[in-house]
Amino acid sequence: MRINVSLAESARQQIEAAPEAWQATYRQMVLYDLAADIELGFFLAYYRNFAVPSIAATLQLNGEIIERPMKRSYDTAIITYELITSGLNSDRGRHMIRLLNHAHRHVPGSQDDFLYVLLTLLVVPIRWARTHAWRAPTLTEETAATRFYRELGARMNIASVPGTFQEAEKFFDSYERENITYSPAGAELMASTLQVLKSRLPGPARPLARPMLSAMFDDDRLTDTLGLPRATRLSKATLNKVLQSRNAVHRRRPLSKEPHVKPGEEGSSLYPNGYRLDDIGPENIMTPASQPNHEHS
């Protein structure tokens, strides 16, 4: 297997990175080495929240995804990349953490619910990259990613964030076994957000959005819960063939010198000229009176 020398050198540096350089190691993986696959993992992580009835009910009640599905989708990605790119202790990073804490201040849910949402961003992208990227994440990268979300969780007052990736996987799998099931709220959120995905595809490919997602999930229980068709052997084989061909090309190309995302420069139909930090965030902020089962005194 021929690998471009710059890819091989970056992978070597990632393996040898010092533990205290965890933010830089994670940033390098997300923005350069495994950028496309980590982005796909973030994309898939976003949908998994709809498969948990308690989380889906809160998201539906808030109304942000139903009313502004494109903004919610883009803003979620922007916040994640801002934290990774700028760093948790940077001015931009602290702004995003304040935004997250403000938006979630009165959001109902158990500590396990909040921990699960956080860990989708850790577990799902790394598992996707292990299976489908041009190379698997290194142990150093997985450790750095785990430290990143442990530190983010602490800043969001989320208790008991696992200290190792293996512990994170164990919690993640146990939580999904106990909590994933169909709900009308989850189905509505999925239908609304699918329109965003379809809008980003060429016209002829839009009917393939649902089966494409199913093949990417490769999990019958999850697709049943989200109201998607089950992946077929053909769809999974096609996806794997496409990714294998992509990886064969990628291994021969040099490592990009430009980061996958640049803060403030997200090019999209929503922010065609870039964005300001104050542009990001939900318009609907939950208050105590808007929580489920709230009784007025």
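The values are calculated or read from the model by the stated rules, or taken from the named source; none is laboratory data. None of these values were measured; they are calculated from a predicted model. Methodologically, a virtual Cβ is constructed for each residue, glycine included, from the backbone with ideal geometry; neighbour enumeration extends over all protein chains shown. What goes into the accessible areas is simple: the full protein's heavy atoms, side chains included, and nothing from ligands, DNA or RNA. Shrake-Rupley method; radii C 1.70, N 1.55, O 1.52, S 1.80 Å.
Tell me which residues, restricted to the stretch 226-241, are touching an Asp or Glu at 6+ places or on another chain (Cβ under 9 Å) and open to solvent by less than 30 Å² (accessible area, probe 1.4 Å).
Ala231 - this is the single residue of the stretch 226-241 that is touching an Asp or Glu at 6+ places or on another chain (Cβ under 9 Å) and open to solvent by less than 30 Å² (accessible area, probe 1.4 Å).
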Qualifying positions in the stretch 1-27 - out of contact with any Gly (no Cβ under 9 Å at 6 or more places or on another chain), open to solvent by less than 50 Å² (accessible area, probe 1.4 Å), touching a residue at least 60 places away in the same chain (Cβ under 8 Å) and of a type outside the set (Val, Ile, Thr):
Asn4, Ser6, Leu7, Ser10, Ala11, Gln14, Ala17, Ala21, Trp22, Tyr26
Given (1) out of contact with any Leu (no Cβ under 7 Å at 6 or more places or on another chain); (2) assigned to a loop (DSSP other than H, G, I, E, B); (3) modelled with pLDDT under 95, identify the lone condition not met by Pro162.
(3)
Filter result (among the charged types (D, E, K, R) and either farther than 18 Å from Ala45 by Cβ or surrounded by fewer than 17 Cβ atoms within 10 Å (Cβ to Cβ) (or both)) within the stretch 170-190
Lys170, Asp173, Arg177, Glu178, Glu188
Going through the stretch 120-169 in order, the residues found to be open to solvent by 20 Å² or more (accessible area, probe 1.4 Å), touching a Ser or Thr at 6+ places or on another chain (Cβ under 8 Å) and either in contact (Cβ under 8 Å) with a residue 24 or more places away in the chain or among the basic types (Lys, Arg) (or both) are Leu121, Thr140, Thr143
Can you list residue pairs whose Cβ atoms sit under 6 Å apart, with the first residue in the stretch 37-49 being in contact (Cβ under 8 Å) with a residue 60 or more places away in the chain and the second being surrounded by 19 or more Cβ atoms within 10 Å (Cβ to Cβ) and not in a helix (DSSP H, G or I)? Count only pairs 6 or more apart in sequence or on different chains.
Asp37/Ala133
Give the residue that is nearest to Gln28 (Cα to Cα), with candidates limited to residues of the stretch 242-265 that are part of a helix (DSSP H, G or I) and open to solvent by less than 80 Å² (accessible area, probe 1.4 Å).
His250
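Could you list, in sequence order, the residues of the stretch 164-217 that are charged (D, E, K, R) and more than 30 Å from Trp22 (Cβ to Cβ)?
Selection gives Glu178, Glu188, Lys198, Arg200, Arg206, Arg210.
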Condition first: surrounded by 20 or more Cβ atoms within 10 Å (Cβ to Cβ) and either outside any helix (DSSP H, G or I) or more than 11 Å from the chain's Cα centre (by Cα) (or both). Now tell me which residues in the stretch 38-57 satisfy that.
Phe50, Ala51, Val52, Ile55, Ala56
